[in-house]
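Enquirer: Structure below; questions to follow.
The values are calculated or read from the model by the stated rules, or taken from the named source; none is laboratory data. Please read these numbers as outputs of a predicted model, since none were measured by experiment. Quick reminder, even Gly has a Cβ in these numbers, built from the backbone with ideal geometry, and neighbours come from all protein chains shown. Surface areas here come from the heavy atoms of the whole protein model, side chains and all, with no ligands, DNA or RNA. Shrake-Rupley method; radii C 1.70, N 1.55, O 1.52, S 1.80 Å.
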Amino acid sequence: MGFVTEREMAQGIQVPESDSRDVGRFLNRILGLQVVFQNLIFNYFIACLDVVITSAKKEGKFNEGFVDLTGSSITQQDEPKSVFTALCDDCKQVKVLVDRGMSWSTALKRFHSLRGDDRLAGFYKTRNPMHNKYFYLLVTPHTHTHYKIARPNTGVNVQELDSEELQHKYQMVTLEKAEIEWKKMYEETLYKCNHGSHCNNPRYCQVGMRRYSVNIICGSLMRILPLLETTLLKHGLKLKLSKYDATVKVVRVCLDNGERLIGFQYPEILMPLAEKEATAVALENKTSLLSHFSQTIEPISPVLKKMYLRATTPPPTIKSYFTSLKPTSESSSTAKVKVASKSDVTQSVDLTVEEDHDIICVLDRTPVSKRKTQSSLNTFFKKRTKLS
(Lines give C-alpha, C1' and ligand atoms only; values in the text may rest on other atoms or scores of the structure.)
Protein backbone atom coordinates (compact mmCIF):
# COMPACT_ATOMS: atom_id res chain seq x y z
CA MET A 1 0.00 0.00 0.00
CA GLY A 2 1.20 3.52 -0.70
CA PHE A 3 0.38 6.94 -2.04
CA VAL A 4 0.74 8.01 -5.66
CA THR A 5 1.86 11.63 -6.00
CA GLU A 6 1.29 13.89 -8.98
CA ARG A 7 4.99 13.68 -9.86
CA GLU A 8 4.84 9.87 -9.97
CA MET A 9 1.72 9.96 -12.10
CA ALA A 10 3.49 12.33 -14.50
CA GLN A 11 6.29 9.74 -14.78
CA GLY A 12 3.83 7.09 -15.96
CA ILE A 13 2.69 5.43 -12.71
CA GLN A 14 -1.05 4.96 -12.99
CA VAL A 15 -3.71 3.67 -10.60
CA PRO A 16 -5.50 0.66 -12.14
CA GLU A 17 -9.08 1.43 -13.04
CA SER A 18 -10.20 -1.68 -11.15
CA ASP A 19 -8.62 -0.25 -7.98
CA SER A 20 -10.03 3.22 -8.57
CA ARG A 21 -13.56 1.78 -8.60
CA ASP A 22 -13.17 -0.58 -5.62
CA VAL A 23 -14.34 1.46 -2.63
CA GLY A 24 -14.32 -1.54 -0.31
CA ARG A 25 -10.63 -2.19 -0.99
CA PHE A 26 -9.85 1.49 -0.41
CA LEU A 27 -11.62 1.51 2.98
CA ASN A 28 -9.92 -1.71 4.05
CA ARG A 29 -6.47 -0.40 3.13
CA ILE A 30 -6.72 2.87 5.04
CA LEU A 31 -7.35 0.80 8.19
CA GLY A 32 -3.62 0.06 8.16
CA LEU A 33 -2.83 3.72 8.78
CA GLN A 34 -2.80 5.71 11.97
CA VAL A 35 -6.17 7.05 13.06
CA VAL A 36 -5.14 10.63 12.27
CA PHE A 37 -4.30 9.73 8.67
CA GLN A 38 -7.44 7.56 8.40
CA ASN A 39 -9.64 10.52 9.26
CA LEU A 40 -7.67 12.85 6.98
CA ILE A 41 -7.87 10.57 3.92
CA PHE A 42 -11.50 9.60 4.51
CA ASN A 43 -12.60 13.23 4.90
CA TYR A 44 -10.78 14.08 1.67
CA PHE A 45 -12.52 11.16 -0.05
CA ILE A 46 -15.96 12.34 1.16
CA ALA A 47 -15.23 15.91 0.02
CA CYS A 48 -14.27 14.68 -3.47
CA LEU A 49 -17.35 12.46 -3.60
CA ASP A 50 -19.62 15.39 -2.72
CA VAL A 51 -18.07 17.49 -5.48
CA VAL A 52 -18.54 14.71 -8.07
CA ILE A 53 -22.16 14.09 -7.04
CA THR A 54 -22.99 17.81 -7.08
CA SER A 55 -21.45 18.19 -10.54
CA ALA A 56 -23.32 15.11 -11.84
CA LYS A 57 -26.64 16.42 -10.52
CA LYS A 58 -26.12 19.79 -12.22
CA GLU A 59 -25.33 18.09 -15.54
CA GLY A 60 -28.25 15.66 -15.22
CA LYS A 61 -25.96 12.61 -15.14
CA PHE A 62 -26.60 11.50 -11.56
CA ASN A 63 -28.58 8.26 -11.27
CA GLU A 64 -28.95 6.74 -7.84
CA GLY A 65 -29.60 3.02 -7.55
CA PHE A 66 -30.03 2.23 -11.26
CA VAL A 67 -28.27 -0.61 -13.10
CA ASP A 68 -27.93 -0.02 -16.85
CA LEU A 69 -28.23 -3.12 -19.02
CA THR A 70 -25.87 -2.84 -21.98
CA GLY A 71 -25.10 -5.04 -24.94
CA SER A 72 -24.48 -5.09 -28.67
CA SER A 73 -28.20 -5.80 -29.22
CA ILE A 74 -31.19 -5.54 -26.84
CA THR A 75 -34.67 -6.55 -28.01
CA GLN A 76 -38.02 -7.33 -26.41
CA GLN A 77 -38.95 -11.00 -26.62
CA ASP A 78 -42.71 -11.14 -26.09
CA GLU A 79 -45.61 -8.81 -25.44
CA PRO A 80 -45.86 -7.47 -21.87
CA LYS A 81 -47.85 -9.73 -19.56
CA SER A 82 -50.02 -8.55 -16.66
CA VAL A 83 -48.85 -9.97 -13.32
CA PHE A 84 -49.81 -9.65 -9.66
CA THR A 85 -53.34 -8.66 -10.65
CA ALA A 86 -54.57 -9.58 -7.17
CA LEU A 87 -52.62 -6.68 -5.64
CA CYS A 88 -52.12 -4.13 -8.44
CA ASP A 89 -53.67 -3.37 -11.81
CA ASP A 90 -50.75 -2.04 -13.88
CA CYS A 91 -47.84 -4.41 -13.13
CA LYS A 92 -46.33 -5.83 -16.32
CA GLN A 93 -43.77 -8.57 -16.93
CA VAL A 94 -41.41 -7.81 -19.81
CA LYS A 95 -38.77 -10.22 -21.11
CA VAL A 96 -35.74 -8.60 -22.73
CA LEU A 97 -33.14 -10.44 -24.81
CA VAL A 98 -29.60 -9.06 -24.39
CA ASP A 99 -26.76 -10.01 -26.75
CA ARG A 100 -23.43 -8.81 -25.31
CA GLY A 101 -21.01 -10.81 -27.45
CA MET A 102 -18.31 -9.60 -29.83
CA SER A 103 -17.97 -11.20 -33.24
CA TRP A 104 -14.60 -12.04 -34.80
CA SER A 105 -14.83 -9.23 -37.36
CA THR A 106 -15.52 -6.67 -34.60
CA ALA A 107 -12.67 -8.04 -32.48
CA LEU A 108 -10.25 -7.85 -35.43
CA LYS A 109 -11.16 -4.22 -36.14
CA ARG A 110 -10.68 -3.38 -32.45
CA PHE A 111 -7.27 -5.05 -32.43
CA HIS A 112 -5.94 -3.20 -35.48
CA SER A 113 -7.26 0.18 -34.36
CA LEU A 114 -6.06 0.07 -30.71
CA ARG A 115 -2.92 -2.08 -30.61
CA GLY A 116 -0.48 0.70 -31.57
CA ASP A 117 3.16 -0.24 -30.98
CA ASP A 118 2.49 -2.22 -27.80
CA ARG A 119 4.12 -5.63 -28.03
CA LEU A 120 1.70 -7.16 -25.48
CA ALA A 121 -1.45 -6.28 -27.44
CA GLY A 122 -3.07 -9.25 -29.16
CA PHE A 123 -5.12 -12.39 -28.62
CA TYR A 124 -4.54 -14.61 -25.58
CA LYS A 125 -5.79 -17.81 -24.01
CA THR A 126 -5.82 -18.90 -20.38
CA ARG A 127 -2.77 -20.86 -19.24
CA ASN A 128 -4.89 -23.21 -17.13
CA PRO A 129 -8.18 -24.70 -18.33
CA MET A 130 -11.42 -23.77 -16.57
CA HIS A 131 -14.35 -26.20 -16.66
CA ASN A 132 -12.26 -28.47 -18.90
CA LYS A 133 -11.70 -25.83 -21.61
CA TYR A 134 -9.56 -22.80 -22.43
CA PHE A 135 -10.94 -19.28 -22.72
CA TYR A 136 -9.76 -16.71 -25.27
CA LEU A 137 -9.65 -12.93 -25.04
CA LEU A 138 -8.44 -9.83 -26.83
CA VAL A 139 -6.02 -7.50 -25.04
CA THR A 140 -5.60 -3.84 -26.06
CA PRO A 141 -3.55 -1.14 -24.27
CA HIS A 142 -5.40 1.35 -22.09
CA THR A 143 -2.52 3.04 -20.22
CA HIS A 144 1.24 2.48 -20.08
CA THR A 145 0.90 -0.46 -17.72
CA HIS A 146 -2.75 -1.56 -17.92
CA TYR A 147 -4.82 -3.24 -20.59
CA LYS A 148 -8.46 -3.56 -21.55
CA ILE A 149 -9.79 -7.06 -22.28
CA ALA A 150 -12.64 -8.27 -24.50
CA ARG A 151 -14.15 -11.74 -24.76
CA PRO A 152 -16.26 -13.32 -27.51
CA ASN A 153 -19.14 -14.07 -25.12
CA THR A 154 -19.23 -10.94 -22.91
CA GLY A 155 -17.68 -8.18 -25.03
CA VAL A 156 -15.48 -5.48 -23.49
CA ASN A 157 -14.98 -5.84 -19.74
CA VAL A 158 -14.79 -2.97 -17.29
CA GLN A 159 -12.03 -4.70 -15.36
CA GLU A 160 -8.42 -4.14 -16.43
CA LEU A 161 -5.24 -6.18 -16.24
CA ASP A 162 -1.72 -5.00 -15.58
CA SER A 163 1.17 -6.34 -17.61
CA GLU A 164 2.43 -8.63 -14.84
CA GLU A 165 -0.96 -10.29 -14.26
CA LEU A 166 -1.52 -10.58 -18.01
CA GLN A 167 1.68 -12.54 -18.64
CA HIS A 168 1.16 -14.66 -15.52
CA LYS A 169 -2.39 -15.84 -16.31
CA TYR A 170 -2.51 -15.82 -20.11
CA GLN A 171 -0.34 -16.70 -23.09
CA MET A 172 -0.43 -15.10 -26.54
CA VAL A 173 -1.72 -17.05 -29.56
CA THR A 174 -1.53 -16.44 -33.29
CA LEU A 175 -4.32 -14.80 -35.26
CA GLU A 176 -5.12 -18.06 -37.07
CA LYS A 177 -5.53 -20.00 -33.82
CA ALA A 178 -7.44 -17.15 -32.20
CA GLU A 179 -9.87 -16.90 -35.13
CA ILE A 180 -10.85 -20.58 -34.91
CA GLU A 181 -11.31 -20.62 -31.14
CA TRP A 182 -12.97 -17.19 -31.04
CA LYS A 183 -15.67 -18.17 -33.52
CA LYS A 184 -16.17 -21.49 -31.76
CA MET A 185 -16.62 -19.88 -28.36
CA TYR A 186 -18.85 -17.19 -29.88
CA GLU A 187 -21.27 -19.86 -31.15
CA GLU A 188 -21.08 -22.20 -28.14
CA THR A 189 -22.00 -19.53 -25.62
CA LEU A 190 -25.09 -18.39 -27.52
CA TYR A 191 -27.47 -20.10 -25.06
CA LYS A 192 -25.06 -21.97 -22.76
CA CYS A 193 -23.26 -20.86 -19.61
CA ASN A 194 -19.53 -21.26 -18.95
CA HIS A 195 -19.97 -24.08 -16.44
CA GLY A 196 -20.81 -26.71 -19.04
CA SER A 197 -21.76 -30.08 -17.57
CA HIS A 198 -20.69 -28.95 -14.08
CA CYS A 199 -23.45 -26.35 -13.77
CA ASN A 200 -25.70 -26.74 -10.71
CA ASN A 201 -28.63 -24.93 -12.32
CA PRO A 202 -28.32 -25.39 -16.10
CA ARG A 203 -31.88 -24.31 -16.85
CA TYR A 204 -31.55 -20.80 -15.44
CA CYS A 205 -27.79 -20.18 -15.10
CA GLN A 206 -26.60 -17.32 -17.32
CA VAL A 207 -22.95 -16.96 -16.22
CA GLY A 208 -20.85 -16.24 -19.31
CA MET A 209 -23.81 -16.69 -21.65
CA ARG A 210 -23.59 -14.51 -24.75
CA ARG A 211 -27.31 -14.05 -25.28
CA TYR A 212 -29.39 -14.12 -22.13
CA SER A 213 -32.91 -13.21 -21.11
CA VAL A 214 -33.71 -10.60 -18.46
CA ASN A 215 -37.04 -10.65 -16.67
CA ILE A 216 -38.21 -7.12 -15.78
CA ILE A 217 -41.31 -6.16 -13.76
CA CYS A 218 -42.62 -2.68 -14.61
CA GLY A 219 -45.44 -0.55 -13.23
CA SER A 220 -46.54 0.42 -9.69
CA LEU A 221 -44.07 -1.74 -7.80
CA MET A 222 -43.73 -0.25 -4.31
CA ARG A 223 -46.76 -2.18 -3.06
CA ILE A 224 -45.34 -5.57 -4.11
CA LEU A 225 -41.68 -4.88 -3.30
CA PRO A 226 -41.81 -6.46 0.22
CA LEU A 227 -43.48 -9.54 -1.28
CA LEU A 228 -40.78 -9.87 -3.97
CA GLU A 229 -37.98 -9.57 -1.43
CA THR A 230 -39.61 -12.07 0.95
CA THR A 231 -40.09 -14.65 -1.82
CA LEU A 232 -36.48 -14.18 -2.97
CA LEU A 233 -35.10 -14.68 0.54
CA LYS A 234 -37.30 -17.71 1.16
CA HIS A 235 -36.58 -19.64 -2.04
CA GLY A 236 -33.33 -18.16 -3.41
CA LEU A 237 -31.02 -20.44 -1.47
CA LYS A 238 -33.02 -23.58 -2.27
CA LEU A 239 -32.95 -22.83 -5.99
CA LYS A 240 -29.17 -22.11 -5.88
CA LEU A 241 -29.44 -18.69 -7.45
CA SER A 242 -26.23 -16.86 -8.27
CA LYS A 243 -25.05 -13.95 -6.14
CA TYR A 244 -26.09 -11.54 -8.89
CA ASP A 245 -29.64 -12.93 -9.11
CA ALA A 246 -30.12 -13.17 -5.33
CA THR A 247 -30.99 -9.46 -4.98
CA VAL A 248 -33.77 -7.27 -6.35
CA LYS A 249 -32.24 -4.59 -8.59
CA VAL A 250 -33.73 -1.52 -10.26
CA VAL A 251 -32.62 -1.71 -13.88
CA ARG A 252 -32.86 0.63 -16.85
CA VAL A 253 -32.55 -0.51 -20.45
CA CYS A 254 -32.80 1.10 -23.86
CA LEU A 255 -34.06 -1.24 -26.59
CA ASP A 256 -32.81 -1.24 -30.16
CA ASN A 257 -36.03 0.50 -31.26
CA GLY A 258 -35.40 3.39 -28.86
CA GLU A 259 -37.95 2.37 -26.23
CA ARG A 260 -36.82 2.74 -22.61
CA LEU A 261 -37.81 0.46 -19.74
CA ILE A 262 -37.35 0.90 -15.98
CA GLY A 263 -38.33 -1.71 -13.42
CA PHE A 264 -37.21 -4.51 -11.11
CA GLN A 265 -34.99 -7.27 -12.45
CA TYR A 266 -36.39 -10.44 -10.91
CA PRO A 267 -35.52 -14.12 -11.50
CA GLU A 268 -38.04 -15.70 -13.85
CA ILE A 269 -37.95 -18.95 -11.89
CA LEU A 270 -39.49 -17.17 -8.88
CA MET A 271 -42.40 -15.57 -10.74
CA PRO A 272 -44.91 -18.44 -10.16
CA LEU A 273 -44.00 -18.53 -6.45
CA ALA A 274 -44.31 -14.76 -6.10
CA GLU A 275 -47.70 -14.78 -7.86
CA LYS A 276 -48.90 -17.50 -5.50
CA GLU A 277 -47.78 -15.45 -2.49
CA ALA A 278 -49.56 -12.38 -3.90
CA THR A 279 -52.82 -14.31 -4.31
CA ALA A 280 -52.59 -15.57 -0.71
CA VAL A 281 -51.94 -12.05 0.59
CA ALA A 282 -54.89 -10.64 -1.37
CA LEU A 283 -57.20 -13.40 -0.08
CA GLU A 284 -56.07 -12.77 3.48
CA ASN A 285 -56.72 -9.04 3.15
CA LYS A 286 -60.17 -9.71 1.69
CA THR A 287 -61.06 -12.15 4.49
CA SER A 288 -59.99 -9.73 7.20
CA LEU A 289 -61.99 -6.94 5.54
CA LEU A 290 -65.16 -9.05 5.38
CA SER A 291 -64.78 -10.16 8.98
CA HIS A 292 -64.43 -6.54 10.03
CA PHE A 293 -67.78 -5.56 8.46
CA SER A 294 -69.59 -8.73 9.61
CA GLN A 295 -69.23 -8.02 13.33
CA THR A 296 -72.28 -8.20 15.62
CA ILE A 297 -74.14 -4.88 15.86
CA GLU A 298 -74.70 -3.93 19.49
CA PRO A 299 -78.05 -2.45 20.63
CA ILE A 300 -78.36 1.30 21.02
CA SER A 301 -77.35 2.42 24.50
CA PRO A 302 -79.58 4.87 26.41
CA VAL A 303 -78.51 8.51 26.36
CA LEU A 304 -77.14 9.72 29.67
CA LYS A 305 -78.76 12.92 30.82
CA LYS A 306 -75.46 14.32 32.05
CA MET A 307 -73.76 13.68 28.71
CA TYR A 308 -76.73 15.12 26.81
CA LEU A 309 -76.62 18.35 28.83
CA ARG A 310 -72.89 18.66 28.30
CA ALA A 311 -73.30 18.20 24.55
CA THR A 312 -76.17 20.67 24.17
CA THR A 313 -74.95 23.35 26.58
CA PRO A 314 -72.82 26.04 24.92
CA PRO A 315 -69.39 26.56 26.44
CA PRO A 316 -69.23 29.30 29.08
CA THR A 317 -67.61 32.63 28.39
CA ILE A 318 -66.48 35.38 30.72
CA LYS A 319 -69.74 37.23 30.01
CA SER A 320 -72.09 34.26 30.41
CA TYR A 321 -70.38 32.86 33.50
CA PHE A 322 -71.20 35.90 35.64
CA THR A 323 -74.50 37.77 35.98
CA SER A 324 -74.63 40.73 33.62
CA LEU A 325 -74.75 44.16 35.27
CA LYS A 326 -76.52 47.26 34.08
CA PRO A 327 -74.39 50.38 34.52
CA THR A 328 -76.01 53.42 36.24
CA SER A 329 -73.60 55.99 34.79
CA GLU A 330 -71.66 56.59 31.57
CA SER A 331 -68.25 55.69 32.91
CA SER A 332 -68.79 53.14 35.68
CA SER A 333 -71.35 51.79 38.14
CA THR A 334 -71.41 49.72 41.27
CA ALA A 335 -73.74 46.71 41.63
CA LYS A 336 -74.29 43.75 43.88
CA VAL A 337 -73.84 40.10 42.79
CA LYS A 338 -74.30 37.04 44.92
CA VAL A 339 -71.53 34.44 44.89
CA ALA A 340 -72.36 31.07 46.38
CA SER A 341 -69.81 29.46 48.62
CA LYS A 342 -69.33 25.72 49.14
CA SER A 343 -71.73 25.86 52.10
CA ASP A 344 -74.36 27.71 50.01
CA VAL A 345 -73.84 30.85 52.08
CA THR A 346 -74.27 33.97 50.01
CA GLN A 347 -72.13 37.02 50.41
CA SER A 348 -72.43 40.44 48.86
CA VAL A 349 -69.56 41.57 46.67
CA ASP A 350 -69.05 45.03 45.25
CA LEU A 351 -68.21 44.99 41.52
CA THR A 352 -67.25 47.82 39.23
CA VAL A 353 -68.03 47.35 35.49
CA GLU A 354 -66.12 49.34 32.94
CA GLU A 355 -68.20 50.00 29.82
CA ASP A 356 -65.20 50.48 27.54
CA HIS A 357 -63.87 46.95 28.24
CA ASP A 358 -65.23 43.41 28.35
CA ILE A 359 -63.31 42.65 31.54
CA ILE A 360 -65.05 42.82 34.92
CA CYS A 361 -62.81 44.29 37.58
CA VAL A 362 -63.49 43.08 41.12
CA LEU A 363 -63.24 45.80 43.76
CA ASP A 364 -63.67 43.88 46.96
CA ARG A 365 -64.51 45.61 50.21
CA THR A 366 -64.15 42.57 52.45
CA PRO A 367 -61.31 40.01 52.54
CA VAL A 368 -63.66 36.98 52.69
CA SER A 369 -65.71 37.98 49.67
CA LYS A 370 -62.49 38.74 47.74
CA ARG A 371 -61.20 35.23 48.22
CA LYS A 372 -64.54 33.70 47.14
CA THR A 373 -64.72 35.87 44.05
CA GLN A 374 -61.12 34.99 43.12
CA SER A 375 -61.93 31.29 43.56
CA SER A 376 -64.94 31.68 41.28
CA LEU A 377 -62.80 33.32 38.61
CA ASN A 378 -60.23 30.53 38.84
CA THR A 379 -62.98 27.93 38.41
CA PHE A 380 -64.22 29.71 35.27
CA PHE A 381 -60.81 29.81 33.63
CA LYS A 382 -60.17 26.12 34.45
CA LYS A 383 -63.44 25.13 32.75
CA ARG A 384 -62.65 27.37 29.83
CA THR A 385 -59.23 25.74 29.40
CA LYS A 386 -60.76 22.22 29.40
CA LEU A 387 -63.35 23.18 26.78
CA SER A 388 -60.75 24.70 24.44
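Enquirer: Summing Lys, Arg as +1 and Asp, Glu as -1, what charge do residues with Cβ under 12 Å from the Cβ of Thr154 carry, Thr154 excluded?
Expert: That sum, taken over residues with Cβ under 12 Å, equals +3.
Enquirer: Please report the net charge: other residues with Cβ closer than 10 Å to the Cβ of Leu261, K and R +1, D and E -1. Intermediate results must be reported in sequence, preceding the final value.
Expert: Values: positive: Lys92, Arg252, Arg260; negative: Glu259.
That works out to +2.
Enquirer: Using the structure shown, list the pairs from Lys133/Lys238; Lys148/Lys177; Lys184/Lys238; Lys192/Lys238; Lys125/Lys183; Lys81/Lys276 with a Cα-Cα distance above 24 Å, or answer none.
Expert: Checking Cα-Cα distances, Lys133/Lys238; Lys184/Lys238 exceed 24 Å.
Enquirer: Let me ask something else about it. Report the local net charge at Ala282: Lys and Arg +1, Asp and Glu -1, summed over other residues whose C-beta lies under 13 Å from its C-beta. Could you put the intermediate results ahead of the total?
Expert: On the way: positive: Arg223, Lys276, Lys286; negative: Asp89, Glu275, Glu277, Glu284.
Neighbourhood net charge equals -1.
Enquirer: Suppose R0 equals 45 Å. What FRET efficiency, 1/(1 + (r/R0)^6) with r the Cβ-Cβ distance, do Leu283 and His195 give to the nearest 0.05?
Expert: Efficiency for this residue pair is about 0.65.
Enquirer: What is the distance, in nm, between label points placed 7 Å from the Cα along the Cα-to-Cβ direction at Lys81 and at Thr143?
Expert: 4.7
Enquirer: Now for a different question. Evaluate 2.2 N^0.38 Å with N set to the residue count of segment 162-246, then give the Cα radius of gyration divided by it.
Expert: 1.58
Enquirer: Further question on the same structure: What Rg and what Dmax come out for segment 116-191 when only alpha-carbon atoms are used, in angstroms?
Expert: Looking at segment 116-191, its Cα Rg and Dmax stand at 12.2, 37 Å.
Enquirer: Over 19 Å apart: what share of the alpha carbon pairs of segment 25-86 falls there, rounded to a whole percent?
Expert: Summing the P(r) tail past 19 Å for segment 25-86 gives 65 percent.
Enquirer: Solvent-accessible area per residue for segment 110-236 at a 1.4 Å probe radius, Å²? Each step should come with its number before you reach the end.
Expert: Details: 7140 Å² over 127 residues.
It amounts to 56 Å² per residue over segment 110-236.
Enquirer: Within segment 195-278, which trypsin sites (Lys or Arg not before Pro) sit in a loop by DSSP and count at most 14 neighbouring Cβ atoms inside 10 Å? Intermediate values should be presented prior to the final figure.
Expert: Working: sites: Arg203, Arg210, Arg211, Arg223, Lys234, Lys238, Lys240, Lys243, Lys249, Arg252, Arg260, Lys276; in loops: Arg203, Arg210, Arg223, Lys238, Lys240, Lys243.
Counting only loop positions with at most 14 other Cβ atoms within 10 Å, the trypsin sites (Lys or Arg not before Pro) in segment 195-278 are Arg203, Arg223, Lys238, Lys240, Lys243.
Enquirer: Which whole number of Å³ per residue matches the convex hull of the alpha-carbon atoms in segment 78-211? Please report the intermediate quantities before stating the final value.
Expert: Details: hull volume 21.0 nm³, N = 134.
Looking at segment 78-211, the number lands at 157 Å³ per residue.
Enquirer: For Arg21 and Lys249 in one chain, what is 0.36 nm times their gap in residues minus the Cα-Cα distance, to one decimal in nm?
Expert: Once the chain is fully extended between Arg21 and Lys249, it gains 80.1 nm.
Enquirer: So which trypsin sites (Lys or Arg not before Pro) in segment 66-166 are both in a DSSP loop and have at most 13 other Cβ atoms within 10 Å of their Cβ?
Expert: For trypsin sites (Lys or Arg not before Pro) across segment 66-166 that sit outside H, G, I, E and B with at most 13 neighbouring Cβ atoms in 10 Å, the list reads Arg119, Arg127.
Enquirer: Here is a further query. How about segment 187-252: which chymotrypsin sites (Phe, Trp or Tyr not before Pro) there lie in a loop by DSSP and see at most 13 other Cβ atoms within 10 Å?
Expert: Tyr191, Tyr244
Enquirer: Full extension from Leu40 to Lys183: what is 0.36 nm times the residue separation minus their Cα-Cα distance, to one decimal in nm?
Expert: 46.3 nm
Enquirer: Report the full-extension gain for the segment Glu259 to Lys92: residue separation times 0.36 nm, less the Cα-Cα distance, to one decimal in nm.
Expert: The span from Glu259 to Lys92 would gain 58.6 nm if fully extended.
Enquirer: Say each of Phe62 and Lys133 gets a label point 7 Å from the Cα, pointing the same way as Cα to Cβ; how far apart are those two points in nm?
Expert: 4.5
Enquirer: Consider a paramagnetic label point 7 Å from the Cα of Ser220 along Cα→Cβ; state which residues of segment 88-117 have an amide N under 19 Å from it.
Expert: 88-94
Enquirer: Taking the full set of protein chains and a 1.4 angstrom probe, give the accessible area of His146 in square angstrom, rounded to the nearest 10.
Expert: His146 exposes around 10 Å² with every protein chain in place.
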